[in-house]
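What follows is one structure encoded as structure tokens, with my remarks underneath.
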Amino acid sequence: PPLLALLRYNSESFQRQGTITLRNLSVHDENKIKIVQEGGIPLLVSLLRSPDKLIQQHSCGILRNLSVQAEYCTRVIQAGGLLPLIALMRSPDPIIQEESLVTLRNISANPVGRQDVVREGGLPPLITLLRSPLKNLQEQAAATIRNLSADDVIKVKFVQES
């Protein structure tokens, strides 16, 4: 679709407008299907590394909307999305931190993704965010850890790392 083409332009302005529009559209199931079918997940994962904070925020927001479905969580993992999502938990921007946290919370609700989140180094920044002065970040970090703790191996690792 033309909106995904905007994301491929080497222009932060086009990418910004494209991600904002796609984020709005990605709340509807029909649009989620189109975004995924047209190869949007790998493209969005690459935009998580953009130097532009709005592009990061809205790319993450689209992945957040997509990640409510287990199948799309797997695709985010396969596209290499965990490392940049985990890195964004350390962003100085609390909005970006929350977007990445909620996306990781969604992914960690899927048993398949739990071990991957921990293997890619997601536990230390989650533990750090439990001490954030921002309650919303504490809450999302706690919810993600709750999801991860449904796995017995991760329970042990959590106790060791905290």
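Restricting attention to the stretch 82-98, which residues are crowded, with 19+ Cβ neighbours inside 10 Å and assigned to a helix (DSSP H, G or I)? Reasoning before the result, please.
The first filter runs over the stretch 82-98 and keeps only residues crowded, with 19+ Cβ neighbours inside 10 Å, leaving 82, 84-86, 88-89, 96-98.
LEU82, PRO84, LEU85, ILE86, LEU88, ILE96, GLN97, GLU98 - these are the residues of the stretch 82-98 that are crowded, with 19+ Cβ neighbours inside 10 Å and assigned to a helix (DSSP H, G or I).
Would it be correct to say that LEU101 is over 16 Å from SER26 (Cα atoms) and surrounded by fewer than 24 Cβ atoms within 10 Å (Cβ to Cβ)? Outline the logic, then answer.
On the way: over 16 Å from SER26 (Cα atoms): yes; surrounded by fewer than 24 Cβ atoms within 10 Å (Cβ to Cβ): no.
Spelling it out, it is not the case that LEU101 is over 16 Å from SER26 (Cα atoms) and surrounded by fewer than 24 Cβ atoms within 10 Å (Cβ to Cβ).
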>> Just to be sure I understand, how many residues within the stretch 104-120 are of a type outside the set (A, V, I, L, M, F, W, C), surrounded by fewer than 22 Cβ atoms within 10 Å (Cβ to Cβ) and not in a loop (DSSP other than H, G, I, E, B)?
In response: 5
> Name the residues in the stretch 122-139 that are open to solvent by less than 30 Å² (accessible area, probe 1.4 Å) and closer than 19 Å to LEU83 by Cβ, would you?
Replying inline: GLY122, LEU123, PRO125, LEU126, ILE127, LEU129
> Does SER13 fit the bill of being of a type in the set (Ser, Thr, Tyr), assigned to a helix (DSSP H, G or I) and at pLDDT 95 or above?
Replying inline: no
> Of ILE154, ILE145, which residue is without any contact (Cβ under 8 Å) to a residue 24 or more places away in the chain and β-branched (Val, Ile, Thr)?
Replying inline: ILE145
> Does the stretch 39-53 include one or more residues that are open to solvent by 50 Å² or more (accessible area, probe 1.4 Å), touching a residue at least 24 places away in the same chain (Cβ under 8 Å) and either among the aliphatic types (A, V, I, L, M) or touching an Asp or Glu at 6+ places or on another chain (Cβ under 7 Å) (or both)?
Replying inline: yes
> Restricting to the stretch 25-49, what's the tally of residues that are in contact with a Pro (Cβ under 8 Å, 6 or more places away or on another chain), closer than 15 Å to ILE77 by Cα and assigned to a loop (DSSP other than H, G, I, E, B)?
Replying inline: 1
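The values are calculated or read from the model by the stated rules, or taken from the named source; none is laboratory data. Please read these numbers as outputs of a predicted model, since none were measured by experiment. Here the Cβ is made from the backbone with ideal geometry for all residues, glycine too, and neighbour counts use every protein chain on show. Side chains are part of the model used for accessible areas, which takes the heavy atoms of the whole protein and leaves out ligands, DNA and RNA. Shrake-Rupley method; radii C 1.70, N 1.55, O 1.52, S 1.80 Å.
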